[in-house]
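First up is the structure itself, then whatever we jot down about it.
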């Protein structure tokens, strides 16, 4: 597994998780939870893709990491608050889940390489 496949696997898993969260929580009657988790997972997938692009262009990920993460978090919180105040919490939970998924996929790569 290469660094690109880690990005692809993570992004695919985040998108799949977003679809499942949206469908599952909507069917359960808690659509705002599903929307928040789905949006957070999609923002997490976007963050992973942006990290990979920054690493291939400049080789330095740390320079823009804080700004990128702050911008994505602010975007998620803002849109979550526009939908419903509780949704913003689930957006952050979704983003945290995406970052946890990145760690799991990278650890799997490190062990199996």
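The values are calculated or read from the model by the stated rules, or taken from the named source; none is laboratory data. Everything quoted here is computed from the prediction, not taken from an experiment. Note: ideal-geometry Cβ built from the backbone for every residue, glycine included; neighbour counts use all protein chains shown.
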Exercise for review: Please work out if residue 55 is in contact (Cβ under 8 Å) with a residue 12 or more places away in the chain, closer than 21 Å to residue 6 by Cβ and either under 18 Å from the mean Cα position of the chain (by Cα) or outside any helix (DSSP H, G or I) (or both).
Suggested key: yes
Review point. Within the stretch 1-19, restricting attention to residues that are over 14 Å from the mean Cα position of the chain (by Cα) and part of a helix (DSSP H, G or I), which residue is modelled with the highest pLDDT?
Key: 5
Point to revise | In the stretch 20-52, the residues that are outside any helix (DSSP H, G or I) and at negative phi | key: 28, 30
Study note, to complete from the structure: Residue hits (the stretch 6-42; under 30 Å from residue 56 (Cα atoms) and in contact (Cβ under 8 Å) with a residue 60 or more places away in the chain) are 6, 9, 10, 13, 14, 17, 18, 37
Exercise for review: Select from the stretch 81-113 the residues that are at pLDDT below 90 and buried (at least 18 other Cβ atoms within 10 Å of the Cβ) and list them in ascending order.
Suggested key: 102, 105
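Take the stretch 25-48 and flag every residue that is more than 19 Å from residue 88 (Cβ to Cβ) and surrounded by 15 or more Cβ atoms within 10 Å (Cβ to Cβ). Before you say what the answer is, go through the steps one by one.
Of the residues in the stretch 25-48, the ones more than 19 Å from residue 88 (Cβ to Cβ) are 27-29, 48.
Selection gives 48 alone.
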